[in-house]
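The values are calculated or read from the model by the stated rules, or taken from the named source; none is laboratory data. Note that this is a predicted model, so its numbers are computed, not measured. Note: ideal-geometry Cβ built from the backbone for every residue, glycine included; neighbour counts use all protein chains shown. What goes into the accessible areas is simple: the full protein's heavy atoms, side chains included, and nothing from ligands, DNA or RNA. Shrake-Rupley method; radii C 1.70, N 1.55, O 1.52, S 1.80 Å.
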Amino acid sequence: MTHNFDTVIIGSGLAGLRAAIEAAKHGTVAVLTKLYPTRSHSTAAQGGIAAALGNEEPDSPEWHFYDTTKGGDFLGDQDAIAVMCEDAIRTVIELEHMGVPFSRTAEGKIAQRRFGGHTRDFGAAAVRRACYSADRTGHAILFALFEQSGLQGVKFFDEFHVLDIATEDGKCRGVIALEIKTGEVHVFNAKATLVASGGYGRVYKTTSNAIASTGDCLSILFRNGVPLQDMEFFQFHPTGLYGLGILVTEGARGEGGILINGKGERFMERYAPTIKDLAPRDMVSRAIMTEIREGRGIEGRDFVYLDLRPVKKEILEERLPEITTFCRIYMGLDPAESPIPVLPTAHYAMGGIPTDSDGRVFRDEHGAIFEGLFAAGECACVSVHGANRLGCNSLLDTVVFGRRAGMEIGRFLKTAERKDIGRDLAGRTEAALKAVCEKKGREKAAVIRNELQKKMMDECSVFRHKEDLEKLVEQIRALEGRSAEIRIKDSGKRFNTEVLEAIELTHLLTLSEVISVSALQREESRGAHSREDFPKRDDANWLKHTLAFKTDKGVALRYKPVSITKFQPEERKY
Ligand SMILES: Cc1cc2nc3c(=O)[nH]c(=O)nc-3n(C[C@H](O)[C@H](O)[C@H](O)COP(=O)(O)OP(=O)(O)OC[C@H]3O[C@@H](n4cnc5c(N)ncnc54)[C@H](O)[C@@H]3O)c2cc1C
């Protein structure tokens, strides 16, 4: 079936929906999502959204700008960071007006709490900057935006799995997607296509990310000639529930929780004497792994404790009900009474599709634009998070840049013309799908996926080393070879999740290769990318963004400068 829209948006998380609300003011909009819209990973966001409202204590957008730059180890583009931090206050108030039920102070203002790396007076002490809705902030915002996009007449295509994004001669023409319920392939012609398809934590074995976070559209665009930026920077969140990876929000430490090692020490005092447990995530994750490696895990084992007993019981119940329930259900313990075993979990992709601050996608390191193609949210790299994202800055990023992309689409539509997707391209996508459905090899997609996720975890997580990365690249290529030999047992058309998982596996493999090749090349330690063989940050050689391109010979890397407008790189002390 063929559909014609002015704008097609892939993804119904916060970025996709905020963009849809804006783009709908300028033409017809379709939102495609492989899930039911409100099941997008944004709904799992717990702790909050950052904005220097100053409702609880003095704060300023400039301090927010500085913290974001320093938190990102000076790799973030400061022109874009300034845009985000300056727009944060307006953004949160707009969300409040759209109906987001934020938690309140005693005077009825939006309540705010502490979060990692957010400080006052350029690093002097932790500041309350995170606006929250208990520990269900993403859920609250997602439902409000879903309601608003319905009111704007946005048309939703739920459970449509995007198979290809039609790009020809540096222009985007729309999207080809599989209707999961029927197995039918649909063509969506569009003047503007916005990719808001979220993260790809599923490249790792232990992750806080949803099952659906497989990065499909990044991999599709990469294959279609779009570069991927800064993919070596993948954030590990310090407090995943041990053995599960399910997230315990940093808000738990913001409310007074502390980390404890096997000797009962509050070890973050040694690593970040000023803000301790509220240091940025890259530092805390490294500290935990160092404690464990040096034998100071709990009972010498591979986890530490997050102790929430210093937090008052009523605060746990009122502001952290979700994680309290998680601990009871998944760990069988009550955080008011026992410390929680935690270990870093793969959480957030700083890298992604390179865009400007209006969501337009770059084709190369010189700033050429891909016409008709836009990206926003976790799949995009604006880059505001640099080498390490601060907590609560992602929800902010999705809404600020989702809106801006929607506005830019409005400007673009004034002169844009639709050129329909050719029958040949749609035919190629259908043939490729058929080839997957008919695979009769001896391998199982799930087995290959598990091996990949374990290898990525072992060789390319919190600490990295040349030999491991070299080995990893070879192993990924071998797994790619094996993935050509899988067997699909389900021959049905309706809800054929086996085929979808096989397709997602190809994307996980592509992205893993880009991550590991980018990580191998970057011979320094910066933010979340920590090389044991190059333990220092090296601004002279590496203060630059990586751009990975697909070539016939494999992944090729090129580089582009970082935008530095206000804050010169300095040593990161907390
Ligand atoms: C557990 C958890 C807690 C978090 N807590 C916070 C927090 O407190 N504060 C904060 O700032 N950030 C937090 N984050 C990060 C933040 O939630 C995410 O980065 C952000 O919500 C991503 O939003 P998005 O709109 O980019 O994508 P998502 O919400 O991930 O949505 C992606 C969309 O793309 C669609 N999609 C993907 N592939 C396809 C395809 N092939 N075909 C069709 N559709 C497709 C999906 O269906 C989905 O609708 C958290 C993340 C996690 C995992």
Step by step: first the residues of the stretch 130-139, then only those that are touching a Leu at 6+ places or on another chain (Cβ under 9 Å) and not hydroxyl-bearing (Ser, Thr, Tyr), then the one that is surrounded by the fewest Cβ atoms within 10 Å (Cβ to Cβ). Which residue is that?
134
Of the conditions (1) closer than 30 Å to residue 562 by Cβ; (2) among the aliphatic types (A, V, I, L, M); (3) within 15 Å of the ligand (Cβ to nearest atom); (4) open to solvent by less than 20 Å² (accessible area, probe 1.4 Å), residue 8 clears all except one; give me its number.
(1)
Going through 440, 455, 419, 414 one at a time, which residue ends up being surrounded by 18 or more Cβ atoms within 10 Å (Cβ to Cβ), more than 16 Å from the ligand (Cβ to nearest atom) and over 20 Å from the mean Cα position of the chain (by Cα)?
455
Restricting the search to the stretch 528-540, which residues are more than 17 Å from residue 568 (Cβ to Cβ) and either of a type outside the set (Phe, Trp, Tyr) or in contact with a helix residue (DSSP H, G or I) (Cβ under 7 Å, 6 or more places away or on another chain) (or both)?
528, 529, 530, 531, 532, 533, 535, 536
Pick out, from the stretch 1-107, the helices (runs of 4 or more DSSP H) lying fully within it that include 1 or more residues that are farther than 27 Å from residue 231 by Cβ and small (Gly, Ala, Ser).
14-23
Please state which of the following conditions residue 176 fails to meet, knowing it meets all the rest: (1) within 30 Å of residue 423 (Cβ to Cβ); (2) more than 13 Å from the ligand (Cβ to nearest atom); (3) among the β-branched types (Val, Ile, Thr).
(2)
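The rows are residues; the columns are (1) out of contact with any helix residue (DSSP H, G or I) (no Cβ under 7 Å at 6 or more places or on another chain); (2) within 12 Å of the ligand (Cβ to nearest atom); (3) among the small types (Gly, Ala, Ser); (4) open to solvent by 20 Å² or more (accessible area, probe 1.4 Å).
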| site | (1), (2), (3), (4) |
| --- | --- |
| 340 | no, no, no, no |
| 367 | yes, no, yes, yes |
| 388 | no, no, no, no |
| 397 | no, yes, no, no |
| 405 | no, yes, yes, no |
Take the residues in the stretch 240-282 that are within 16 Å of the ligand (Cβ to nearest atom) and assigned to a helix (DSSP H, G or I), then tell me which one is surrounded by the fewest Cβ atoms within 10 Å (Cβ to Cβ).
278
Being surrounded by fewer than 19 Cβ atoms within 10 Å (Cβ to Cβ), in contact (Cβ under 8 Å) with a residue 24 or more places away in the chain and not hydroxyl-bearing (Ser, Thr, Tyr) is the filter here, so list the residues in the stretch 101-120 that pass it.
101, 109
Those residues that are of a type in the set (S, T, N, Q) and closer than 17 Å to residue 19 by Cα, I need them from the stretch 89-108; list them, please.
91
Please go through the stretch 197-212 and pick out each residue that is in contact with a Lys or Arg (Cβ under 9 Å, 6 or more places away or on another chain) and open to solvent by 10 Å² or more (accessible area, probe 1.4 Å).
197, 202, 205, 210, 211, 212
Count of the stretch 223-239 residues which are open to solvent by less than 10 Å² (accessible area, probe 1.4 Å) and within 25 Å of residue 371 (Cα to Cα)
6
Mind listing just one residue for me: the one in the stretch 12-32 that is in contact with a strand residue (DSSP E or B) (Cβ under 6 Å, 6 or more places away or on another chain) and open to solvent by 10 Å² or more (accessible area, probe 1.4 Å) and, of those, nearest to the ligand (Cβ to nearest atom)?
28
Strands (runs of 3 or more DSSP E) wholly in the stretch 332-385 with at least 2 residues that are of a type in the set (Lys, Arg) and within 19 Å of residue 85 (Cα to Cα) - which ones?
none
